[in-house]
Amino acid sequence: MKKTIYLLLILFPLMATSCDMLFMENEASNDGIANFESMWKQIDEKYSFFEYKNIDWDSVYNVYRPMVDKNTEGQELFNVLAGMMNALNDGHSNIFSPFDYSRNWSWFMNYPPNFDKNILDRNYLGTDYSVTGPFKHTWLDDGIAYIYYGSFSGSLITQEEWNFIAEKYVDCKGIIFDVRNNGGGYVANVNFIGSQLVDFEFLYGVYKVKNGPKHNDFSEYIPLMVYPVEKQGAELQTPQAKRFKSNNIIVLTNRHCYSATNFFVMLMKSLPNVTVVGDYTGGGGGLPMDYQLPNGWNYRFSSTISYDNREVNIEHGIAPHIKIDMSPEDIAEGKDSLIEKAISILNKNSK
């Protein structure tokens, strides 16, 4: 009995201390001010576009800080933090809670869609198109290959998948590569496609990384290169890469082309045999980094800046060679104005 009492006397202060620490940690994690300050400071030191977008982050602090106190939590805290983050006007900046996530979709919602899935499915793809990996593809009239790529997410493209498409359309007069409504995904898929289309290495852009607490602290430029698949190592040459004979390529874009798709269009526009048709892409030139609040919610924001090979910032999108919107008259007739324009260009180029 005495030993038990003695052990309790020894352990009680430790137990009390542990409970105290646990209580303090939980209290800190639910402290609205602590969560606000943590997020504001991380963004202040690591967000990449303050100067480019002319954002006064101190003024944003002054607007939103009075909206929280130590007891602000849940939906109320989420709304304040989401509002503060939306001041960045950045599709790569989001906060994720168990009950909602913030999103800024102004980069495409304020523009014409220039894409009608129903028209595409019924009048161009039809019922006999093929699905190879992430690609939907078919022959259009006049010997033109049509390839729709709806997302760079999901999985990495394999050489077998690409070879099947390249062999099927090897003798086509031209290729329409449609990436409208592609919100991005793996940048590795961008470089893969580029490597299948070139027989030379080239620089298609550069980027720099936010690497210090000041708003203008960045690394030196880092090159964005594409190398032909044959020069990337023996492991990528099994099976041997197949290529299209035609070098006439049209890329179709709209404002819903974002993130990795933005990089893809930048790459393709750098090639002399590619014509970009449609609208500006939606942008998304900053690669996001992930962080966590004291209360466990995750958030992310852009931490790099990217430029094309003329050092033009691509955060707000890539301009097409030929700007065109879908016309109401074409839509009423079940036609896709951008596809029809691409067909016209390829027929003219083939002559």
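The values are calculated or read from the model by the stated rules, or taken from the named source; none is laboratory data. Remember, predicted model here, so these are calculated numbers, not experimental data. All Cβ positions, glycine included, derive from the backbone under ideal geometry; neighbour counts span all protein chains shown. Protein only, heavy atoms only, side chains kept; ligands, DNA and RNA dropped before computing areas. Shrake-Rupley method; radii C 1.70, N 1.55, O 1.52, S 1.80 Å.
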- Please find, in a Gaussian network model of the chain (springs between Cα atoms separated by less than 10 Å), the residue of LYS269, LYS70, LYS242 whose mean-square fluctuation is greatest. LYS70
- Item | Cα-based shape type of region 185-307, given that a ≥ b ≥ c are square roots of the gyration tensor eigenvalues and the cut on a/c is 1.5 | prolate
- Message: Counting only protein heavy atoms and a 1.4 Å probe, tell me what percentage of the chain's accessible area is made up of carbon and sulfur.
- Response: 54
- Query: Mind checking which of ARG300, ARG180, ARG65 has the largest fluctuation in a GNM of the chain, springs on alpha carbons under 10 Å?
  - Reply: ARG65
- Note on the structure: Using a 1.4 Å probe on heavy atoms of the protein chains only, the accessible area for GLU333 in Å², nearest 10, reads 120
- Message: Could you tell me the calculated FRET efficiency between LEU203 and ASN313, based on Cβ-Cβ distance and R0 = 22 angstrom, to the nearest 0.05?
- Response: 0.85
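Any idea what the dipole of the chain comes to, in debye rounded to 20, about its Cα centre with Lys/Arg Cβ at +1 and Asp/Glu Cβ at -1? Intermediate results must be reported in sequence, preceding the final value.
Details: 30 positive and 42 negative charges, 106 e Å.
Rounded to the nearest 20 debye, it is 500 debye.
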- Tilt of helix 74-86 relative to the longest C-alpha principal axis of the chain, in degrees (0 to 90, nearest 10)? 50
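Considering only the chain, what is the antiparallel percent among its DSSP beta bridges, to the nearest 5? Write out the running numbers ahead of the final one.
Values: 30 of 48 bridges.
If I count the DSSP bridges inside the chain, around 60 percent turn out antiparallel.
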- Using Cα pairs closer than 8 Å and at least 6 residues apart in sequence, work out the relative contact order for the chain, in percent. 19
- Note on the structure: Regression test value, accessible area per residue of the chain, probe 1.4 Å, units Å², expected 50
- Item | Dipole of the chain, positive end: most advanced residue of ASN71, ILE343, LEU197 [Cβ charges, Cα centre] | LEU197
- Run the quick spin-label model on ASP58 and MET225: label points 7 Å from Cα toward the beta carbon, then report their separation in nm to one decimal. 4.3
- Message: Take TYR101 and ASN216, extend 7 Å from each Cα along the Cα→Cβ direction, and tell me the distance between the two endpoints in nm.
- Response: 3.5
- Message: Can you tell me which of GLY174, GLY184, GLY126 moves the most in a GNM of the chain? Springs connect C-alpha atoms under 10 Å apart.
- Response: GLY126
- Message: Let me make sure I get this right: for region 105-181, a, b and c are the square roots of the gyration tensor eigenvalues over alpha carbons, sorted descending. Under 1.5 in a/c it's rounded, otherwise prolate if a/b > b/c, else oblate. Which is it?
- Response: oblate
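Tell me, what is the percent relative contact order of region 28-143, built from C-alpha pairs under 8 Å that lie six or more residues apart? All intermediate terms of the calculation are to be shown ahead of the outcome.
Values: 80 pairs, mean separation 20.4, N = 116.
Computed over region 28-143, the figure is 18 percent.
Which peptide among 248-259, 88-99 comes first, and what is the full order, when sorted by highest mean count of other Cβ atoms within 10 Å?
Details: 248-259: 25.3, 88-99: 18.8.
Ranking the peptides 248-259, 88-99 by packing returns 248-259, 88-99.
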